[in-house]
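The values are calculated or read from the model by the stated rules, or taken from the named source; none is laboratory data. Values in this document were obtained by computation on a predicted structure and should not be read as measured data. For neighbour counting, all protein chains shown are included, and Cβ atoms are generated from backbone atoms with ideal geometry for every residue, glycine included. Accessible surface areas use protein heavy atoms only, side chains included; no ligands, DNA or RNA. Shrake-Rupley method; radii C 1.70, N 1.55, O 1.52, S 1.80 Å.
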Amino acid sequence: MHLIQRLEEYTRFSKGEIRECAQLELPDLQLRDFDFTPFDLNNSYFGGGSFFCCNFEKVYLSGSNFGGSKFVSCKFNYNELVKAEWDEVIMENMEIDSIRAFRATFCESTFRNIRIKNGDFKLCNFWSAKFDKVTFENCNFEQATFTDASFSEVVFKDCILPEKFPKEGVPKQGFYVKGRISSFDRNLRNEVSEINGSGVPIETRHSP
């Protein structure tokens with residue numbers, strides 16, 4: 001069956017229009033300039049794929065598994081990734097707005113040259129992830145995990161950060177914190193002088 005036909009059938013199944021299609025598993029795809037916006041990818045599997053300049057705007061991705069996939073210059077805006085499994089993915093050269101990734105996993109993933117605004121990453125797992133030239137603006141990382149993550153030229157602007165960030169499991173270099181920080185995050189304030197000593201500029205204040 002042709003790719004578009006499979007996506008159309010699964011979308012109809014997700015909307016409750018048909019009962020015959022039970023799952024969507026399409027590993028190792030290589031796509032360029034493909035438009036996913038008409039389709040529902042809830043609980044789908046696209047492991048090991050390569051996606052270049054593809055459009056995922058407003059696509060429902062909760063429960064999806066794109067583990068081991070690579071995304072370059074793709075479009076993600078207004079997406080739901082609740083409880084998605086995106087471990088070992090590579091994401092490069094993108095600007096992302098309004099993404100909800102509650103309890104999603106991004107373990108051992110790589111984010112490079114990315115700007116993310118208005119993201120909800122509460123309870124997400126970024127264990128051993130790599131961040132290079134990434135800006136997060138107005139994002140919620142409450143209770144997220146960054147154990148063994150690495151940072152290079154990363155900015156957190158007006159973000160809610162985990163209570164223990166960067167106290168445990170995060171190197172005290174390579175990232176900037178600007179603007180508002182969550183009121184419960186006292187550890188970060190205590191670490192400012194030590195981080196600044198490593199040459200990383202920090203601008204920080206607590207929200208009222």
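For the pairs K75/K122; K83/K157; K83/K122; K75/K117, flag any whose C-alpha to C-alpha distance is greater than 19 Å.
K75/K122; K83/K157
Averaged per residue, what accessible area in Å² does the range 1-95 show with a 1.4 Å probe, protein chains only?
Per residue, the range 1-95 has 52 Å² of solvent-accessible surface.
Under the rule a/c < 1.5 gives rounded, and otherwise a/b versus b/c splits prolate from oblate, where does the range 81-123 land using the Cα gyration tensor?
oblate
How large is ³J(HN,Hα), in whole Hz, for each residue of the range 93-107 in order, when computed from phi with the Karplus curve 6.51 cos²θ - 1.76 cosθ + 1.60 and θ = phi - 60°, using x for Gly and Pro?
Listing the rounded values in order: 6, 9, 10, 10, 10, 6, 10, 10, 10, 3, 6, 6, 10, 10, 5 Hz.
Leaving out ligands and nucleic acids, note down the accessible area per residue over the range 116-157 with a 1.4 angstrom probe, in whole Å².
With the other protein chains kept in place, the range 116-157 gives 40 Å² per residue.
How many angstrom separate the Cα center of the range 65-104 from the Cα center of the range 1-56?
Measuring centre to centre over Cα atoms gives 15 Å.
Ignoring ligands, DNA and RNA, what percent of the accessible area of the range 1-119 is carbon or sulfur (1.4 Å)? Don't jump to the answer; show the numbers that get you there.
Working: 2420 of 5960 Å².
Answer for the range 1-119 is 41 percent, counting heavy atoms of protein chains only.
With the contact rule set at Cα under 8 Å and sequence spacing of 6 or more, what percent relative contact order holds for the range 50-156?
Averaging sequence separation for qualifying contacts and normalising by length gives 19 percent for the range 50-156.
Step through the residues of the range 76-88 one at a time and calculate ³J(HN,Hα) from phi using the Karplus curve (6.51 cos²θ - 1.76 cosθ + 1.60, θ = phi - 60°), rounding each to whole Hz and writing x for Gly and Pro.
Result, ordered by residue: 10, 8, 6, 9, 10, 10, 4, 6, 7, 10, 10, 6, 6 Hz.
Amide H to amide H under 5 Å from T135: which residues, 5+ apart in sequence or cross-chain, H placed 1.01 Å off N in plane?
Hits under the 5 Å cutoff: I114, R115, I116, V155.
Let's test the formula: R0 of 30 Å, r as the Cβ-Cβ distance of D148 and Y78. What FRET efficiency results, to the nearest 0.05?
Efficiency, from the Cβ-Cβ distance: 0.45.
Could you list which residues have their amide H under 5 Å from that of N140, counting only those 5 or more apart in sequence or on another chain, with H placed in the peptide plane?
Residues meeting the amide H criterion: G119, D120, F121, I160.
I need the shape label for the range 111-159. Rule: rounded when a/c is under 1.5, else prolate if a/b > b/c, else oblate, with a, b, c from the alpha carbon gyration tensor.
Because a/c hits 1.5 or more and a/b fails to exceed b/c, the range 111-159 counts as oblate.
Pull out the extension gain between R112 and N55, defined as 0.36 nm times the separation in residues minus the alpha carbon to alpha carbon distance; nm, one decimal.
Separation in residues times 0.36 nm, less the Cα-Cα distance, equals 18.7 nm.
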